[in-house]
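The values are calculated or read from the model by the stated rules, or taken from the named source; none is laboratory data. On a predicted model such as this, the values are computed, not experimentally measured, just so you know. Cβ atoms come from the backbone with ideal geometry, glycine included; neighbour counts cover every protein chain shown. Accessible surface areas use protein heavy atoms only, side chains included; no ligands, DNA or RNA. Shrake-Rupley method; radii C 1.70, N 1.55, O 1.52, S 1.80 Å.
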Amino acid sequence: MDFKNFQKNFLKVISTSDVANELIKEIRTIGKLNVDEVISIYRQDYVARLSEALGEFFESVWFVLGDDDFFKLAKEYVESNPSSVQDLANYGRHFPEYLKKTSYQREFPFLFELASLEQSYWDFFHKKGTPYQDPWDSLNPEQFGDLKLKFPQDCRTFSSEYSLASLFMARKNKLNSSDNENFNWSLPEHAFLYKSSDQVGLIHLTIGQKLIIDNLLQGKCVSDSLELAADIDPQEVSQLFSLLKSHQVQLELVL
Amino acid sequence: MEKFLNPNISKVGVGLRHTHFPYFESGPPPNVDFFEAITENFLNTRGRPFTIIEKIRSDYPLALHGVSLSLAGEEDPPLDYLKKVKSLIAILDPFLISDHLCWTGGSAHNLHNLLPIPFNLETKLLLLGRIKKVQDFYQREVLIENVSAYFTLNSSTEEESDFMNDLCKKSGCGILLDINNIFVNSVNQDFNPYEYLDRVNFSYVKQIHLAGHSDLGDYLFDTHSRAPSDKVWDLYRYALAKKNNIPTLIEWDEDIPPFQRLEEEVKKAKRNGF
């Protein structure tokens, strides 16, 4: 068998466990191991390597599912989604969609949303950040209502019927997987994910604050954005702008 | 690069791993001669990892070590991959560029593993063409590293060391000699590692890797999860007797310890180098 055919057969056997006779003839095993055993070294390594990559990118999903279920699911995903990337950080792009189809989604109906949030986090993480410059110092308060806020490119708001932001932060704060049993994930949450300098941050929002940011993100000026969120408590408005300032969200103030 | 100008100074580095990023940001200056980064880890990021590697590069020489070139793969290395690597080389100006003597899978199914090749004329011709293309594209010499292999191929007609010497002679590439891989293979494949080293033409050896392995009972596994074993250090000393002052890297990729532990291994390698 020439090397090209060997490679085709080897790739096939990693996925199917079905060792072709030609492969057996070509492989010289090590020590006491037989062909099946040496191939399983590579098969297990492949699954482990890609599962670990998924664990690194989707650690909140891992936190929710726990070790056993997460790695069972990761193995199934790896076996049905061969890698075609050079950089493992790009593997698992379809994992959030995949979660939708699993039985775990019934038990944890937020898994897809949580995985998508994590994907956004990593996307932002790998983008180039710009050093923070405070835009608020030079602001004339009389012009505040006419201001438009230009947000960084790498930001998004999100809303969920579940405690996605808290779950995400819990994992980032390195809680153990065993803590997930005590976690109340059934509270609706709204949040803002953004990149500032080299850090990716997350701000919990009220529904009103989220609505204001969405309006601002659409290019509406401050007074129009507040008008569209008419029922919002003035304290929440004030708190929102304080949060944007204290979290050093890089904004450009445009008149 | 100033540290490399004195030929009497041993050059020992460590792998740049994100586990140590907080240490680099707040700890004392790392006491190592150079760093080696996994090329692929920096191809698609301009975020914090890139900020760190740029900072490291401003203070230390840097080697770029690839794991996805798949020189013996079914297809040529993808052009977009080569372009990204070339761009990284232009930014970071590494003193060495390396990848492996292996294949890693196909374009539709990358196994992300360093898979064994047959050491014969057919593979050599394939590799000579690929190495030449890559070196021409990068406009740089590339080092190729011997891998740990849990099987060999019956269609091999040459010894790995002879095969690598010939590749270097005919393509102008260099050798990144992984001493731990030689040791692991010597036990698993039942050959004498000293004889392997005797066959290597050390004029081609431009870098050495040292790592730890695990004994799984039936075979040794190249885990990079611990310090090099005594037998690997013995082989290292034997190699250095043939050519001293080869930049040497301590690899530690699993169960990565605090950075200070790596610095201890660096010191040990420096002691072994003289």
Low-density loop trypsin sites (Lys or Arg not before Pro), the stretch A:10-67, at most 10 other Cβ within 10 Å, DSSP non-H/G/I/E/B, are A:Lys32
Once the in-chain neighbours fewer than 8 apart are removed, the lysines whose Cα is under 16 Å from A:Lys8 read A:Lys25
Give the longest segment of chain A that steers clear of chymotrypsin sites (Phe, Trp or Tyr not before Pro) in DSSP loops with at most 16 neighbouring Cβ atoms within 10 Å, not counting the sites themselves.
A:1-131
Percent antiparallel among DSSP beta bridges (both partners in the stretch B:2-272, rounded to 5):
15 percent
Among the listed pairs B:Lys11/B:Lys170; A:Lys172/A:Lys195; A:Lys32/B:Lys268; A:Lys12/B:Lys86, give every one whose C-alpha distance is greater than 25 Å.
B:Lys11/B:Lys170; A:Lys32/B:Lys268; A:Lys12/B:Lys86
Eligible lysines near A:Lys101 by straight Cα distance, threshold 22 Å, same-chain separation 8 or greater
A:Lys72, A:Lys75
Chain A - charge dipole about Cα centre, Lys and Arg +1 at Cβ, Asp and Glu -1, debye rounded to 20:
900 debye
Residues of the stretch A:1-39 that bury at least 30 Å² of accessible area, probe 1.4 Å, when all protein chains are present rather than the chain alone, are A:Phe3, A:Lys4, A:Phe6, A:Gln7, A:Phe10, A:Leu11, A:Glu26, A:Arg28, A:Ile30, A:Leu33
Just how much of B:Cys168 is accessible, in Å², when a 1.4 Å probe is used and the result is rounded to the nearest 10?
0 Å²
What fraction of the DSSP beta bridges in the protein assembly as shown is antiparallel, stated in percent and rounded to the nearest 5?
50 percent
Under the helix-only model (-39500 (n - 2.57) for each DSSP H run of 4 or more, divided by the residues of the protein assembly as shown), the mean residue ellipticity at 222 nm, to 500 deg cm²/dmol, is -14000 deg cm²/dmol
In the stretch A:165-255, what trypsin sites (Lys or Arg not before Pro) fall in a loop by DSSP, with at most 14 other Cβ atoms inside 10 Å?
A:Lys174
